[in-house]
Amino acid sequence: MNQTNTKLLTDILRNIASTPHVRPGEVPDIDLYMDQVTTFMDEHLGSTRRYPDDKILTKTMINNYTKKKLLPHPTKKRYSKEHLLLLIFIYYLKDFLPLTDIRAILSPITERFFEADDSISIESIYAEAYELSKEWVNNICRDIMESWHAASNSFEDCPDKDRETLQFFSFICMLSFDIYLKKQVIEQMLDGLETADHSGKDESQEPDPSEAVSPSA
């Protein structure tokens with residue numbers, strides 16, 4: 001593929017790798033009202049917009065997340081630091097997962113650690129995930145460049161006028177298939193965990209044979 005497109009991709013990946021997401025220390029320790037929450041999200045995640053009019057989070061979205069039990073209810077209409085951290089997780093997940101799957105992912109976290117008096121907190125979980133993601137982004141960028149180079153070597157026997165288009169299409173297909181496979185892994189892991197949970201509940205609810213009523217003679 002031509003040097004212009006290669007440079008464009010290199011610039012995109014460099015920008016992605018260097019763009020900091022919401023650092024743990026940037027989330028305020030004070031409780032915020034809804035308008036303050038949406039303003040915070042716009043200020044810290046606005047660079048992820050594709051189009052200027054795209055919404056990061058709206059009041060309607062946040063209320064819907066609470067209604068569907070992705071997000072615990074605010075206290076006196078104010079959202080804590082833990083609420084904001086959960087909203088950041090939801091923001092990244094909602095681009096490729098339905099709300100039911102996001103709830104399945106977050107429910108064990110919120111039920112166990114939200115406002116818990118424990119050494120493990122939502123804040124410490126977010127900090128750990130942030131560090132893992134920061135370390136992993138360079139590997140992801142390298143994988144994308146490898147896909148670009150592989151696609152650049154495809155369709156070598158095609159006419160010059162078609163080769164660039166087909167190679168770019170191959171690159172998009174490779175990235176799309178990567179996303180598809182990873183989404184499949186997430187979905188099947190969630191389905192497997194749900195099946196295991198239901199199986200465990202069924203076994204725990206089996207009646208005690210000693211309590212069975214003897215049939216009449």
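The values are calculated or read from the model by the stated rules, or taken from the named source; none is laboratory data. None of these values were measured; they are calculated from a predicted model. Note that we place each Cβ from the backbone using ideal geometry, even for glycine, and neighbour counts take in every protein chain shown. Side chains included, ligands, DNA and RNA excluded: accessible areas come from the protein's heavy atoms. Shrake-Rupley method; radii C 1.70, N 1.55, O 1.52, S 1.80 Å.
Here are some notes:
- Members of segment 70-105 found to be in a loop (DSSP other than H, G, I, E, B) and of a type in the set (Gly, Ala, Ser), listed by number: Ser80
- Within the option set Tyr126, Tyr92, Tyr130, Tyr79, being over 15 Å from the mean Cα position of the chain (by Cα), closer than 21 Å to Pro24 by Cβ, among the hydroxyl-bearing types (Ser, Thr, Tyr) and surrounded by 14 or more Cβ atoms within 10 Å (Cβ to Cβ) holds for one residue only, Tyr79.
- Matching residues, segment 31-54, being at pLDDT below 95 and open to solvent by 80 Å² or more (accessible area, probe 1.4 Å): Glu43, Ser47, Arg50, Tyr51, Pro52, Asp53
- Selection within segment 106-120 - assigned to a helix (DSSP H, G or I), of a type outside the set (S, T, N, Q) and either closer than 11 Å to Leu86 by Cβ or touching a Phe, Trp or Tyr at 6+ places or on another chain (Cβ under 7 Å) (or both): Leu106, Ile109, Phe113
- Contacts under 6 angstrom Cβ, first residue in segment 172-196 being without any contact (Cβ under 8 Å) to a residue 60 or more places away in the chain, partner not hydrophobic (A, V, I, L, M, F, W, C), 6 or more apart: Met174/Ser147
- Leu57 satisfies every condition listed in (1) in a loop (DSSP other than H, G, I, E, B); (2) open to solvent by 20 Å² or more (accessible area, probe 1.4 Å); (3) touching a Ser or Thr at 6+ places or on another chain (Cβ under 7 Å) except (2).
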